[in-house]
Each structure stands twice: as structure tokens, then as C-alpha cells.
Amino acid sequence: MLAYPVRLISRMDPLKYLFEKPALTGKLTRWLLMLAEFELKYVTRKSVKRRAVVEFLADYPIEGGEDVEFKFSDEDLMIIAEDVWKLYFDGAANQKGFGIGVLLIAPDRSHIPLAFKLNFEVTNNQVEYEACIIGMEAAIEIGIEKLEVVGDSNLVVSQANGDWKVKEEKLKPYHQDLEDLIPHFNKVTFIHVLRLKNQFANALATLASMVEIPVSVKLRPIMIEQRDSPVYQHVMVINEPDDGHPWYYDIWRFVERGEYPTDASKKDRIALQRLAAQYIICGGNLYRRSHCGMHKLSIYRAEAERVIKEIHEGVCEPHMNGKMLVKKILRQGYFWSTMETECLEYVRRCHKCQIHANLMHVPPLELHQMTSPWPFSVWGIDVIRRITPAASNDHKVILVAMDYFTKWVEAASYTTLTAVRVAHFIKHNVIYRYGVPQAFVSDNRVHFKGRAKEVMEEF
């Protein structure tokens, strides 16, 4: 009888076993009766520790204690932040031209973007030097003393730091000009970063290289605005004059005092007289007469926005179309001059109306069939994007041609794709096997420039 409980007690707390066991026998029952007179209660050890600390602090509070002041020996020492500017530079060279992008970042995190287009031919390294030097010249004009130059060109940064020697003759004048600009600063450091961390300057350089700006055109600064919501969720802006008056200001002044605008012609005055005949002033508000006998209150921009939103997606959320919305507003007794246009524009941008609207099964443009009349008469040819990583034979580009009738595919891979190789692919993979086709369809004409046309004409 005792072997089973003794083996069980050895694996657990005996007090917990005594107080939690529903039915006990033998000596365990006598032990429990002996302990019952003390009104003991079993709790876990962690709870005992935490409760003991809490009860001790509650029973013996600290009275009359003084506030502890932490005094540091260096509390009068202030940290002075250096006003260091950052200069991000990058250059772009492509088929459209050459461009430079520079981004100056002030200590207060304000950004100054600069972009320049080069109308002369340079190499990739030269355009990087051009960007770095022009950016440093701009910093000198602003009066910057401490500058941190950041770029993704390892060659320019390493040569500026003196880690690499300048061996190319074309780069020596640029490096000398860079060395002459360094003494104008109290402190200059050159840092190399990856291209991913230099995207702003890279975008400016690419934009400057691809845009053709005529000499007589005045280009205003580019404004980049950040938006956190789609365009249809923005508040609609109703067009009103910029002079601070509502759209009915001239009508109000003519009805009240009989005055015309200062720059109004004779024709404009006659039109204003006919228009003002439909309006009256009552109770300090301007109303438009209606044929049904109910006058319409003329409202301005803020009120018009609130009325449109409340009637279109108010408590009942009817979400009616634009014309019905105009009629609803007129029945409520409101009017403004451009209400029909504004209501149609608001409904067109409503997100829920776009989701639950009827599907338009009619295509926006006329469909054109791309099928060929017989096999291997019309081929579509295109280049698959660059393969990363490259294949074992260092091939990175795949040229694919597909027959529109049979959907047969011919493909070949190359390290670099040129016009001659494209012509060779067409001759050996298409013409020699399936005959001369009627047409080739492609959206990339770059690979067909150069000698491709000459090779095809010789064939």
C-alpha cells in the first residue's frame, strides 16, 4: 500500500501532493489531518518570493526620504555637432546623350538637387569626374566648409583618396582639377557606396541625359510631391478665381449695388445684366430663381465639396451617377456654376463606384488579328532579358523567334547580341530551315541596325 504513494511523492513536492490529492489513504491521511489545524495553504515558490517582497515594501514604507539626484561630472559638457554637408554625385552615358546628377544634403536634412546635360562626348569615367567636380564647385559657391562626397564610382573615389594612381591620360586633367578644389574646404572625405544607395543622383543623371531641351525653352524646377493615398481619394478642388472672392462675386455686386467689374467690356456688361436677372439677395445670401418656385442657394468651394460628399456617400450612401447627383443637389436647394462638371468628376473618382460599376466588355481600341495565313509566313522575334547569373559558357542573352501559325519556337543564346548575329540567326535558324517568310514582327529595332540590313540584302 505504501510503495505506490512513496514512489509518487519522490517525484513531486510532498506538500503539494497532500493539499491537492482528492482522496488519500494510510499515513498520508493522518499527516493531512495533523496539518489541517495550522490552516496551511500551498503556493508556488515564485509567488512566495514576489509576494514577500511586495508585502515587505508595503509594511515598511520609506518615510521622509530625500529625492536622489544624479549628478555627473561632465554635465556641463555639451556635444557640438559638426555642420557636415553630403554630396551625392553620379553620371550617365547612353545613346541619348550624357547627363550629370548631383544631390546636396544640408545638416538640417534639406535636399538640393542639380542636373546638367553635357553636349559633348565623354567616357563613363569622365562623366563621373564631371559630376564630382561640378558638385564640389556648387558646394564652394554655397559656402560649405565641411563636405562628405559620396559616389558609386570606385575609380573616382579611390583616385581622390590617393589609393589608386591616375594612369589614363584623359583623366589626369580631371584629377588635377579635383585636387585644386580640395583646399577650398576645411574638411573633405570621399566615400564609395553601392549604386542602390545612390539612386537619387542616378535618377537625376539619367533624366538629364535623355531629355532634349531646346535653347529657347524656359524650364522650371521639377517638383516631386509625395502622396500616401490614390488620386481618387483626394479632395476635389472646384475652380474659382484666385482673387479670394467666390464665383458669384460679380453677380452679387451688380444685384446689390449695380456695379460692373472694372475691366468689363460692353459685351461683358450686357451678359452680366442678363445673368444677374436670375438672382436675388435675401437674408444676406444670394439665391438663383427656379422655374419650379424654389430658389437655389449659391454656395462656394468649401460648401460645394461638403454637399457633394454628403449627398453622394452620406448616411444612405446611394452612390448615384453624376447626372442624378446634380438633380439631387438641385432638389436640396443648392447651386453653383460648375456643379455638373464637378459632380461628374467626383463620381468618376469614387472608389466604390468604380468597384461596383458595370463591366465594359467593349475593348477600348479595335482588335487586330495577329495570325498568319499559312505556316512559317510571319515570325515574331524578340530578346529575353539578360540572364543573371550567366550560363557556363558565359552566355547572357537569348534571342527567340516564334511562328504565329504553328507557335514553333527557335532560340539561341549569345554573350553579346549584335546586328550581325541577329542576321546570322535569321538566316540559319529561320530562312534555311523554313524558307523566306513574309514578315518579321519585333518591338526592338536596336539589334537590327548597323550591318544587319546589309547582310540581309546580300543574302
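The values are calculated or read from the model by the stated rules, or taken from the named source; none is laboratory data. Owing to the predicted nature of the structure, the values given are computational and were not obtained by experimental measurement. Note: ideal-geometry Cβ built from the backbone for every residue, glycine included; neighbour counts use all protein chains shown. To get the accessible areas, we keep the full protein, side chains included, count just its heavy atoms, and leave off ligands, DNA and RNA. Shrake-Rupley method; radii C 1.70, N 1.55, O 1.52, S 1.80 Å.
Overview of results
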item	result
Per principal axis, descending, Cα span of the stretch 141-181 in whole Å	32, 19, 14
Two-site label geometry, Lys172 and Met360: point separation in nm, points 7 Å out along Cα→Cβ	6.6 nm
Inter-label distance for Arg348 and Gln226, nm, one decimal - labels placed 7 Å from Cα along Cα-to-Cβ	3.0 nm
Peptides ranked, highest mean first, by Cβ atoms within 10 Å: ranges 198-206, 118-126, 87-95	87-95, 198-206, 118-126
Zone residues, the stretch 378-412, relative to Tyr432, backbone N less than 15 Å from point 7 Å out along Cα-to-Cβ	411-412
Where labels lie 7 Å past Cα in the beta-carbon direction, separation of Asp180 and Leu194 in nm	3.8 nm
Total formal charge among the other residues, if their Cβ is under 12 angstrom from that of Gly380, Lys/Arg +1 and Asp/Glu -1	-3
Apportionment of accessible area to carbon and sulfur, the stretch 295-351, percent (1.4 Å)	51 percent
Sites Arg30 and Glu55 - FRET efficiency at Förster radius 41 Å, r taken between beta-carbons, to 0.05	0.80
Segment His395-Thr338, extension gain: residue separation times 0.36 nm, minus the distance between their alpha carbons	14.3 nm
Cβ-derived FRET efficiency at R0 30 Å, Asn119 paired with Thr416, nearest 0.05	0.55
Sites Trp374 and Ser442 - FRET efficiency at Förster radius 22 Å, r taken between beta-carbons, to 0.05	0.60
Mean Cβ neighbour count within 10 Å, used as a protection proxy, ranking 388-396, 305-313 highest first	305-313, 388-396
Of Lys96/Lys117; Lys407/Lys427; Lys323/Lys352; Lys167/Lys396, pairs whose Cα-Cα distance is over 22 Å	Lys167/Lys396
Ordering of 187-195, 315-323 by burial proxy (mean other Cβ atoms within 10 Å per residue, highest first)	187-195, 315-323
